[in-house]
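Heads up: the structure comes next, in structure tokens.
Just so it is clear, none of the values below were taken in a lab; they were calculated from the coordinates. Being a predicted model, the structure only gives us computed values, none of them experimental. Note that each Cβ is placed from the backbone with ideal geometry, even for glycine, and that neighbours are counted across all protein chains shown.
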Amino acid sequence: MANEITLVNGVTKYELQGSGNYKYLFPLAIFDVFPNADPNLGYYNHFDLNGRQILKVEFQQLTDTLGATNIVGYVDALATAGYFFAVGQSGGVVPPSGVLDNRVIVKTEADFGVIDSTKEYFLDGFITVTGAGVNIPNGVKFNVRSYNFNLGGITNIDINGKCVSGGSVGDILATDCSFSATDGIGLDVVSDTGNEAIEFNRVNFNGCSQAAMVIDNFRQLLIDGCGFFGGTPNIEFRGLMNGARITTTIIRGISNSTVFFKAGAGFEMTGSFLTDLNIDLNATGVLCDFTESNFTDVDIIPNVLKFKGARVFRNGITNSDSTSAIPNISESSLASFWSENEGLNNTLIGGRVTITTEVETVITTIDTYVNLLGTFTGEEEVHMESTAAGTLKNLDGEQKEYLLFTGGKLESNQDDMLKIAIFAFRDATSTEELIREETVTVDRLQGARDVADANIITRGILRANDYFFMKVKNLSSTGNITGELSVFMLAVKI
């Protein structure tokens, strides 16, 4: 029956809506019990009397099941034995140690003890630490969380104080908490082997005056749903890293001296860096001081510095001056791929070649394509490379599709029919592929110039190191063809 109520040693037990799930109202706790979560034989969520979740316990993780064979039997046994009663009330006792084997409740700095990789440290409130703060021993992982960042965190108010530090540490995972170092650094750590990761979920950094994080030689960094408020909350990267992702993150109320993403000693990233952060810089603050040299494999794997969907303000106004926000690298760098941003320029991949010196193209055979000659000058090249011979090469290391345009005048014999075409050279096979061709007729004009207007609009694909170029042929005679000044080819990535 829905919402059936029973008593187990005075503990009210509800069956919820006939679902087979239960709610237990202990004197000192509330349990929501879900017995049908096979193959784990169920689990329960433990709440305090204010409805704040303390932990989740799966039946399979228990070391002392009190003789029960499933989670409902186990919670019934807790009630029968008087667990979560006040001591002396119906035989109330301390909960069995097996329930919290892998969680350490932290109320003071001393409760951390010696950090253990196999434990999760639960911050029951704001924990004041001193000096170097929570010190992670060599090779040890650190896992920390709280109820949420408004109810638990680590605070250090010492001069040069740190919330967490370590000289050779394992993985670091932090969830639903805060770090505050009003005269120091939130997190100052060096990786043990270079294969460690840092992951922060729903964590706030408050008033960190020197840096939010100084991280050295970690494989990767993930920041999701975090906030950086006040102080100079730099994230300083040191040593060799593979990649970083900073997403759904906000930065506000920070100092003028902030360089939010800071390249520290020996910083090199072999993979990619991606962020969609929302930041408000003061008058002279800097979003990122990375240079192209910080991305060591950019020639092999370009597009690795990605600002996508970021919102960059300066003094509360969307900033359109990318150069002051990111002074050492531009959106046109081969390392950069910036898109869908507000307050930052976006990367517009493409290029243009234009004839700046005319050269006659010799036609020896009717109806046979030859390269259009001339001295070409490249312009507006972003992730493309031009040559004086009129090619536009894809430098991106991956396939791209482009809109293609040509325009200008071709000079040849009166009434001759000409063709102009865009070809792609395929680097992998050393072959040429026709993309599109157009037929034009040389008009009779007064004076020495008999010309045809040559225009193409199409689209084409380039793979890594492929390039576009133009060819022409004469369908009527062996009359030579000259591309006049300002004949161009333009490629724009779709």
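Hey, if you drop one equal point scatterer on each alpha-carbon of region 68-221 and run the Debye formula without solvent, what base-10 log of I(q)/I(0) do you get at q = 0.13, 0.16 Å⁻¹?
Per q value, in the given order, log10 I(q)/I(0) is -0.64, -0.84.
Note the count of lysine pairs whose C-alpha atoms are less than 30 angstrom apart in region 100-339, limited to pairs 8 or more residues apart or on different chains.
Lysine pair count for region 100-339: 11.
Would you mind telling me the antiparallel percentage of the DSSP bridges in the chain, rounded to 5?
Close to 50 percent.
Over all Cα pairs of region 337-478, how is the pair count split among 10 Å bins, expressed in % and running from 0 up to the last occupied bin?
Taking every Cα pair in region 337-478, the percentages come to 11, 38, 31, 14, 5, 1.
Enumerate the calculated ³J(HN,Hα) couplings along region 486-492 in order (Karplus 6.51 cos²θ - 1.76 cosθ + 1.60, θ = phi - 60°), each rounded to whole Hz, writing x wherever the residue is Gly or Pro.
With the stated coefficients, region 486-492 comes to 6, 4, 9, 9, 10, 10, 10 Hz.
Explain nothing, just the number: relative contact order of the chain, from Cα pairs under 8 Å at least 6 residues apart, as a whole percent.
Reported relative contact order: 7 percent.
In region 347-403, what GluC sites (Glu not before Pro) fall in a loop by DSSP, with at most 13 other Cβ atoms inside 10 Å?
Sites meeting the loop and neighbour criteria: Glu398.
Å³ per residue of the Cα convex hull, for the chain?
213 Å³
Give the residue list of trypsin sites (Lys or Arg not before Pro) in region 272-339 that are DSSP loop and have at most 10 other beta-carbon atoms within 10 angstrom.
Answer by residue number: there is no such site.
Place a +1 charge on the Cβ of each Lys and Arg in region 238-347 and a -1 charge on the Cβ of each Asp and Glu, then give the dipole magnitude about the Cα centre in debye, rounded to the nearest 20.
Value, rounded to 20: 360 debye.
Can you tell me, using C-alpha contacts under 8 Å and at least 6 residues apart, the relative contact order of region 351-441 as a whole percent?
19 percent
Enter the angle in degrees (range 0 to 90, nearest 10) between the Cα long axis of helix 71-81 and the first principal axis of the Cα atoms of the chain, meaning the one along which they spread out most.
30 degrees
Run the numbers for Thr377 and Leu173: contour at 0.36 nm per residue of separation, minus the present Cα-Cα distance, in nm.
Value of the extension gain: 68.2 nm.
Which listed residue (Ala452, Ser272, Gly184) has the Cα farthest towards the positive end of the charge dipole for the chain, taking +1 on Lys and Arg C-beta and -1 on Asp and Glu C-beta about the Cα centre?
Of Ala452, Ser272, Gly184, it is Gly184.
Counting only helical runs of four or more DSSP H residues, what would the 222 nm mean residue ellipticity of the chain come to if each run contributes -39,500 (n - 2.57) and the total is spread over all its residues?
The helix contribution divided over the chain gives -1000 deg cm²/dmol.
Using Cα-Cα distances under 8 Å and only pairs 6 or more residues apart, what relative contact order does region 434-476 have, in percent?
Normalised by residue count, the contact order of region 434-476 is 30 percent.
Taking amide hydrogens as modeled 1.01 Å from N in the peptide plane, which residues meet the under 5 Å criterion relative to Thr258, leaving out close sequence neighbours?
Hits under the 5 Å cutoff: Val286.
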